[in-house]
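Beneath this line is the structure, given in structure tokens, with notes to follow.
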Amino acid sequence: MVICCHDLNDRHNLMNIWKKLGYIDQIHDTHIIITTYYCDCNGNWWGYYNPTHTADHKIDFNMILPYSPENAARLIAEAIRMEEMDIRHERRNA
């Protein structure tokens, strides 16, 4: 998990671009990035169980959350739920 900080005074900052393009309704000075990895028995790494991605490997902007302990716990709980229910966003990582 990474906390990404944004300079909202910079018009080229991703948060401002996402707002301008209509991907998000509200800008925040931080957001949480969560990356999950799964290694299969053949040694292949997969990006399964990531709640910040959609099934077609795009950003799920509904899950781009500002940092707080509660939002971090929400993302972790969702990743665990996805693993328990075997909801996979199958993206292979080299």
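The values are calculated or read from the model by the stated rules, or taken from the named source; none is laboratory data. Values in this document were obtained by computation on a predicted structure and should not be read as measured data. Positions of Cβ are backbone-derived with ideal geometry, glycine not excepted, and every protein chain shown enters the neighbour counts. Ligands, DNA and RNA are stripped out before the accessible areas are found, and what is left, the full protein with its side chains, is counted by its heavy atoms. Shrake-Rupley method; radii C 1.70, N 1.55, O 1.52, S 1.80 Å.
In the range 1-38, the qualifying residues are those that are more than 20 Å from Thr54 (Cβ to Cβ) and in a helix (DSSP H, G or I), and the one that is least open to solvent (accessible area, probe 1.4 Å) is Asn16.
Among the residues making up the range 69-94, those that are open to solvent by 60 Å² or more (accessible area, probe 1.4 Å), assigned to a helix (DSSP H, G or I) and not β-branched (Val, Ile, Thr) are Pro69, Glu70, Arg74, Arg81, Glu83, Glu84. Scan the range 50-68 for residues that are among the aliphatic types (A, V, I, L, M), open to solvent by less than 70 Å² (accessible area, probe 1.4 Å) and assigned to a loop (DSSP other than H, G, I, E, B) and the total you get is 2. Comparison of Ile33, Ile3 shows that the only residue that is more than 21 Å from Glu84 (Cβ to Cβ) and free of Cβ contacts under 8 Å to residues at least 60 places away in the same chain is Ile33.
Considering the range 39-49, the residues that are in contact (Cβ under 8 Å) with a residue 24 or more places away in the chain and open to solvent by 30 Å² or more (accessible area, probe 1.4 Å) include one that is nearest to Leu21 (Cα to Cα), namely Trp46. Within the option set Ile87, Ile34, being under 17 Å from Cys5 (Cα atoms) and at pLDDT below 95 holds for one residue only, Ile34.
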